[in-house]
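What follows is a set of notes on a single structure, which appears directly below.
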Amino acid sequence: MKQGLFVTLEGGEGAGKTSSIPYVQALLENSGREVLLTREPGGTELGERIRELLLTPGQGEIHENTELLLMFAARAQHLQTVILPAIEQGKIVLCDRFTDATYAYQGGGRQISNERIAVLEEWVQQGRQPDMTILFDIPVEQGLARANQRSDPDRFEQEDLEFFERVRQAYLAGAQEQPQRIKVIDASKPFEEVKQQLDAVVNTFLREHNLS
Ligand code: TMP
(Lines give C-alpha, C1' and ligand atoms only; values in the text may rest on other atoms or scores of the structure.)
Protein backbone atom coordinates (compact mmCIF):
# COMPACT_ATOMS: atom_id res chain seq x y z
CA MET A 1 0.00 0.00 0.00
CA LYS A 2 1.30 3.44 -0.93
CA GLN A 3 1.73 6.15 1.71
CA GLY A 4 -1.39 8.15 2.50
CA LEU A 5 -1.83 11.90 2.39
CA PHE A 6 -2.29 14.68 4.90
CA VAL A 7 -4.86 17.43 4.24
CA THR A 8 -5.70 20.25 6.65
CA LEU A 9 -8.50 22.81 6.81
CA GLU A 10 -7.96 26.31 8.16
CA GLY A 11 -9.80 29.58 8.54
CA GLY A 12 -11.02 32.23 10.92
CA GLU A 13 -14.19 32.08 12.96
CA GLY A 14 -17.42 31.59 10.97
CA ALA A 15 -15.64 30.84 7.69
CA GLY A 16 -17.76 27.72 7.17
CA LYS A 17 -14.80 25.38 7.50
CA THR A 18 -16.53 22.96 9.84
CA SER A 19 -19.78 22.77 7.85
CA SER A 20 -17.78 22.06 4.67
CA ILE A 21 -16.03 19.04 6.17
CA PRO A 22 -18.49 16.36 4.99
CA TYR A 23 -18.25 17.75 1.45
CA VAL A 24 -14.44 17.75 1.44
CA GLN A 25 -14.38 14.30 3.00
CA ALA A 26 -16.67 12.93 0.26
CA LEU A 27 -14.48 14.46 -2.46
CA LEU A 28 -11.39 12.84 -0.95
CA GLU A 29 -13.19 9.49 -0.60
CA ASN A 30 -13.74 9.49 -4.38
CA SER A 31 -10.06 8.53 -4.56
CA GLY A 32 -10.94 5.13 -3.11
CA ARG A 33 -8.74 5.77 -0.09
CA GLU A 34 -10.09 5.66 3.45
CA VAL A 35 -10.35 9.16 4.96
CA LEU A 36 -9.62 9.68 8.64
CA LEU A 37 -11.30 12.82 9.95
CA THR A 38 -9.71 14.45 12.96
CA ARG A 39 -9.13 17.88 14.52
CA GLU A 40 -6.79 20.12 16.49
CA PRO A 41 -6.45 20.89 19.23
CA GLY A 42 -7.72 17.38 19.96
CA GLY A 43 -7.84 14.17 18.00
CA THR A 44 -6.60 11.98 20.87
CA GLU A 45 -7.96 11.39 24.36
CA LEU A 46 -5.22 13.55 25.85
CA GLY A 47 -5.55 16.14 23.09
CA GLU A 48 -9.28 16.50 23.68
CA ARG A 49 -8.58 17.16 27.36
CA ILE A 50 -6.04 19.81 26.38
CA ARG A 51 -8.66 21.26 24.02
CA GLU A 52 -11.07 21.61 26.93
CA LEU A 53 -8.42 23.47 28.92
CA LEU A 54 -7.67 25.79 26.00
CA LEU A 55 -11.20 26.56 24.85
CA THR A 56 -13.29 26.69 28.01
CA PRO A 57 -13.55 30.31 29.17
CA GLY A 58 -13.40 31.44 32.77
CA GLN A 59 -10.51 29.30 33.99
CA GLY A 60 -8.30 32.25 34.80
CA GLU A 61 -5.64 33.74 32.59
CA ILE A 62 -3.57 31.42 30.39
CA HIS A 63 -0.20 32.88 29.47
CA GLU A 64 0.42 33.02 25.72
CA ASN A 65 3.51 30.82 26.02
CA THR A 66 1.52 28.22 27.95
CA GLU A 67 -1.17 28.34 25.27
CA LEU A 68 1.45 27.84 22.56
CA LEU A 69 3.08 24.91 24.35
CA LEU A 70 -0.26 23.24 25.02
CA MET A 71 -1.14 23.48 21.32
CA PHE A 72 2.11 21.74 20.45
CA ALA A 73 1.77 19.21 23.28
CA ALA A 74 -1.61 18.16 21.89
CA ARG A 75 -0.11 18.16 18.38
CA ALA A 76 2.83 15.94 19.31
CA GLN A 77 0.48 13.31 20.73
CA HIS A 78 -1.86 13.58 17.75
CA LEU A 79 0.87 13.41 15.13
CA GLN A 80 2.71 10.48 16.67
CA THR A 81 -0.23 8.32 17.71
CA VAL A 82 -2.91 9.10 15.10
CA ILE A 83 -1.79 11.08 12.04
CA LEU A 84 1.50 9.41 11.13
CA PRO A 85 0.25 5.84 11.69
CA ALA A 86 -2.81 6.52 9.50
CA ILE A 87 -0.64 7.95 6.70
CA GLU A 88 1.60 4.92 7.04
CA GLN A 89 -1.50 2.73 6.47
CA GLY A 90 -2.26 4.57 3.22
CA LYS A 91 -5.15 6.65 4.57
CA ILE A 92 -5.91 10.26 3.75
CA VAL A 93 -5.91 12.21 7.02
CA LEU A 94 -8.29 15.19 6.95
CA CYS A 95 -7.53 17.43 9.91
CA ASP A 96 -9.64 20.40 11.00
CA ARG A 97 -6.81 22.87 11.81
CA PHE A 98 -3.10 22.23 12.28
CA THR A 99 0.08 24.34 12.63
CA ASP A 100 -1.07 27.11 10.27
CA ALA A 101 -3.63 27.88 13.01
CA THR A 102 -0.76 28.32 15.46
CA TYR A 103 0.96 30.84 13.17
CA ALA A 104 -2.40 32.61 12.74
CA TYR A 105 -3.72 32.63 16.32
CA GLN A 106 -0.64 32.46 18.54
CA GLY A 107 1.55 34.25 15.95
CA GLY A 108 -0.84 36.79 14.41
CA GLY A 109 -3.41 36.95 17.20
CA ARG A 110 -1.18 36.79 20.28
CA GLN A 111 1.83 38.26 18.46
CA ILE A 112 4.32 35.54 19.37
CA SER A 113 7.18 35.61 16.86
CA ASN A 114 7.14 33.21 13.93
CA GLU A 115 10.72 32.25 14.81
CA ARG A 116 9.64 30.97 18.21
CA ILE A 117 6.75 29.00 16.72
CA ALA A 118 9.07 27.58 14.05
CA VAL A 119 11.35 26.14 16.76
CA LEU A 120 8.47 24.13 18.21
CA GLU A 121 7.17 23.21 14.76
CA GLU A 122 10.53 21.72 13.82
CA TRP A 123 10.86 19.99 17.17
CA VAL A 124 7.41 18.36 16.98
CA GLN A 125 7.04 17.81 13.24
CA GLN A 126 10.62 17.27 12.10
CA GLY A 127 9.84 18.65 8.67
CA ARG A 128 6.47 16.94 8.27
CA GLN A 129 3.96 19.30 6.64
CA PRO A 130 0.45 18.82 5.31
CA ASP A 131 0.37 17.83 1.63
CA MET A 132 -2.40 20.36 1.10
CA THR A 133 -4.07 22.99 3.25
CA ILE A 134 -7.40 24.57 2.32
CA LEU A 135 -7.76 28.06 3.80
CA PHE A 136 -11.35 29.31 4.12
CA ASP A 137 -10.95 33.07 3.91
CA ILE A 138 -13.72 35.47 4.88
CA PRO A 139 -13.76 39.14 5.96
CA VAL A 140 -13.61 39.21 9.75
CA GLU A 141 -16.91 40.98 10.38
CA GLN A 142 -18.82 38.64 8.09
CA GLY A 143 -17.26 35.59 9.77
CA LEU A 144 -17.94 36.82 13.28
CA ALA A 145 -21.56 37.62 12.40
CA ARG A 146 -21.97 33.98 11.36
CA ALA A 147 -20.07 32.61 14.35
CA ASN A 148 -22.11 34.67 16.79
CA GLN A 149 -25.28 32.90 15.70
CA ARG A 150 -23.86 29.76 17.28
CA SER A 151 -23.70 28.72 20.91
CA ASP A 152 -21.71 30.39 23.69
CA PRO A 153 -18.37 31.80 22.54
CA ASP A 154 -15.27 29.80 23.50
CA ARG A 155 -12.11 31.40 24.91
CA PHE A 156 -10.83 32.42 21.46
CA GLU A 157 -14.19 33.61 20.18
CA GLN A 158 -14.22 36.16 23.01
CA GLU A 159 -11.30 38.05 21.45
CA ASP A 160 -11.86 41.39 19.71
CA LEU A 161 -12.03 42.40 16.06
CA GLU A 162 -8.36 43.45 15.91
CA PHE A 163 -7.29 40.01 17.13
CA PHE A 164 -9.24 38.30 14.35
CA GLU A 165 -7.99 40.78 11.76
CA ARG A 166 -4.41 39.81 12.74
CA VAL A 167 -5.40 36.11 12.55
CA ARG A 168 -6.76 36.61 9.04
CA GLN A 169 -3.72 38.55 7.84
CA ALA A 170 -1.36 35.92 9.27
CA TYR A 171 -3.26 33.17 7.45
CA LEU A 172 -3.13 35.11 4.18
CA ALA A 173 0.58 35.85 4.62
CA GLY A 174 1.21 32.11 5.09
CA ALA A 175 -0.77 31.37 1.92
CA GLN A 176 1.30 33.90 -0.01
CA GLU A 177 4.51 32.32 1.20
CA GLN A 178 3.43 28.77 0.41
CA PRO A 179 1.04 28.90 -2.56
CA GLN A 180 1.94 25.34 -3.56
CA ARG A 181 0.56 23.92 -0.33
CA ILE A 182 -2.04 26.44 0.87
CA LYS A 183 -5.09 26.90 -1.34
CA VAL A 184 -7.30 29.87 -0.51
CA ILE A 185 -11.07 29.53 -0.87
CA ASP A 186 -13.29 32.63 -0.95
CA ALA A 187 -15.63 31.61 1.86
CA SER A 188 -17.68 34.81 1.68
CA LYS A 189 -19.50 33.32 -1.33
CA PRO A 190 -22.74 31.28 -1.09
CA PHE A 191 -22.19 27.60 -0.22
CA GLU A 192 -22.86 26.43 -3.80
CA GLU A 193 -19.94 28.53 -5.02
CA VAL A 194 -17.74 27.44 -2.14
CA LYS A 195 -18.43 23.83 -3.17
CA GLN A 196 -17.31 24.59 -6.74
CA GLN A 197 -14.06 26.05 -5.45
CA LEU A 198 -13.57 22.95 -3.28
CA ASP A 199 -14.23 20.66 -6.26
CA ALA A 200 -11.49 22.41 -8.22
CA VAL A 201 -8.90 22.40 -5.44
CA VAL A 202 -9.47 18.83 -4.22
CA ASN A 203 -9.75 17.25 -7.66
CA THR A 204 -6.53 18.93 -8.82
CA PHE A 205 -4.81 17.68 -5.68
CA LEU A 206 -5.99 14.10 -6.24
CA ARG A 207 -4.88 14.21 -9.87
CA GLU A 208 -1.44 15.46 -8.83
CA HIS A 209 -1.16 12.44 -6.55
CA ASN A 210 -2.48 10.00 -9.16
CA LEU A 211 -5.59 9.35 -7.11
CA SER A 212 -8.38 10.36 -9.47
P1 TMP B 1 -12.37 25.26 16.21
O2 TMP B 1 -11.49 24.19 15.64
O3 TMP B 1 -13.64 24.74 16.73
O4 TMP B 1 -12.50 26.46 15.33
O5 TMP B 1 -11.67 25.78 17.56
C6 TMP B 1 -10.36 25.72 17.79
C7 TMP B 1 -9.89 27.04 18.32
O8 TMP B 1 -8.54 26.89 18.71
C9 TMP B 1 -9.95 28.15 17.29
O10 TMP B 1 -10.40 29.34 17.90
C11 TMP B 1 -8.51 28.34 16.89
C12 TMP B 1 -7.74 27.86 18.09
N13 TMP B 1 -6.44 27.28 17.75
C14 TMP B 1 -5.28 28.00 18.05
O15 TMP B 1 -5.37 29.09 18.60
N16 TMP B 1 -4.07 27.46 17.73
C17 TMP B 1 -3.93 26.23 17.13
O18 TMP B 1 -2.82 25.79 16.86
C19 TMP B 1 -5.14 25.49 16.83
C20 TMP B 1 -5.03 24.15 16.19
C21 TMP B 1 -6.36 26.05 17.15
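The values are calculated or read from the model by the stated rules, or taken from the named source; none is laboratory data. Worth saying up front: this structure is predicted, and the values here are computed from it rather than measured. For neighbour counting, all protein chains shown are included, and Cβ atoms are generated from backbone atoms with ideal geometry for every residue, glycine included. In case anyone asks, the SASA skips ligands and DNA or RNA and just uses the protein heavy atoms, side chains included. Shrake-Rupley method; radii C 1.70, N 1.55, O 1.52, S 1.80 Å.
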Quiz prompt | Filtered residues of the range 174-191 (kept if of a type outside the set (A, V, I, L, M, F, W, C), closer than 18 Å to residue 204 by Cβ and touching a Ser or Thr at 6+ places or on another chain (Cβ under 9 Å)) | solution = 178, 181, 183
Practice problem: For the range 160-212, enumerate the residues that are touching a residue at least 40 places away in the same chain (Cβ under 8 Å) and closer than 15 Å to residue 14 by Cα. | Solution: 163, 164, 167, 168, 171, 185, 186, 187, 188, 191, 194
Quiz item: When residue 206 is evaluated against the numbered criteria (1) part of a loop (DSSP other than H, G, I, E, B); (2) away from the ligand (no atom under 16 Å from the Cβ), which criterion, by number, is the only one it fails?
Solution: (1)
Practice problem: For the range 123-141, indicate whether the set of residues that are of a type in the set (S, T, N, Q) and more than 15 Å from the ligand (Cβ to nearest atom) is non-empty. | Solution: yes
Self-check item: Subset tally (residues that are of a type outside the set (D, E, K, R) and open to solvent by 60 Å² or more (accessible area, probe 1.4 Å)) for the range 151-184
Solution: 10
Self-check item: Odd one out for residue 55, checked against (1) within 11 Å of the ligand (Cβ to nearest atom); (2) in contact with a helix residue (DSSP H, G or I) (Cβ under 8 Å, 6 or more places away or on another chain)
Solution: (2)
Quiz prompt | Selection status of residue 124, hydrophobic (A, V, I, L, M, F, W, C) and in contact with a Lys or Arg (Cβ under 7 Å, 6 or more places away or on another chain) | solution = yes
Quiz item: Does the range 36-43 contain any residue that is in a helix (DSSP H, G or I), open to solvent by 50 Å² or more (accessible area, probe 1.4 Å) and not charged (D, E, K, R)?
Solution: no
Quiz item: Of (1) more than 19 Å from residue 201 (Cα to Cα); (2) surrounded by fewer than 16 Cβ atoms within 10 Å (Cβ to Cβ); (3) near the ligand (Cβ under 9 Å from one of its atoms), residue 18 satisfies all except one. Which?
Solution: (1)
Quiz item: Of all residues in the range 42-58, how many are in contact (Cβ under 8 Å) with a residue 40 or more places away in the chain and within 15 Å of the chain's Cα centre (by Cα)?
Solution: 1
